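The values are calculated or read from the model by the stated rules, or taken from the named source; none is laboratory data. Bear in mind that the values here come from a model prediction, so they are computed numbers and not experimental data. In this analysis, Cβ positions are derived from the backbone assuming ideal geometry, glycine residues included, and neighbour counts consider all displayed protein chains. When the accessible area is computed, the model is the full protein with side chains, heavy atoms only, and any ligands, DNA or RNA have been set aside. Shrake-Rupley method; radii C 1.70, N 1.55, O 1.52, S 1.80 Å.
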Amino acid sequence: QTLPKSEYTQFIYSPVTVWRRIEAFLEDGIQMESRTIHRILEATALFKGKKWNAPLLAETILEKMIKLSQTQNPEIRPSTYTFNAVIGAWEAAAGLSNTKSQVALEEAPEKGLALLNRLKALHSAGWGEDLMPD
């Protein structure tokens, strides 16, 4: 038996909307799994990668993950894969051909190196083998 279309329609929310909902859950004391937050960052970095602001959003979520893992939930730690997704978002945005992507093109190399250095620093600080630069 198939359900009528209205009963199985899925809503697709933007990563920013999803992140705001996660923040609301966290404020209410509901902890999220690390992989949930990783998937949101991945969606932002990869699926929105065709937009010039994708790396900015992905980097913001990465910073929030780091902050949350330091203050509220140590299980929400970024991994090498997480950093690679953000670096990849900068690379993808730099390859776009529109006027807004010019900023990404100019900033991508510096941002990529800064993210790699941040990854190395967190690994050196003992954040675990999940942050081994590759």
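So the values come out like this:
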read-out	value
Region 71-91 - residue that is polar (S, T, N, Q) and surrounded by 15 or more Cβ atoms within 10 Å (Cβ to Cβ) and, of those, modelled with the lowest pLDDT	Asn73
Considering residues of region 102-124 that are out of contact with any Phe, Trp or Tyr (no Cβ under 8 Å at 6 or more places or on another chain) and at pLDDT below 85 only, the residue most open to solvent (accessible area, probe 1.4 Å)	Glu106
Qualifying position, being hydrophobic (A, V, I, L, M, F, W, C) and modelled with pLDDT under 75, among Trp52, Trp127	Trp52
Unique match (being closer than 21 Å to Ala125 by Cβ, at pLDDT below 80, part of a helix (DSSP H, G or I) and not charged (D, E, K, R)) among Leu46, Leu41, Leu62, Leu26	Leu41
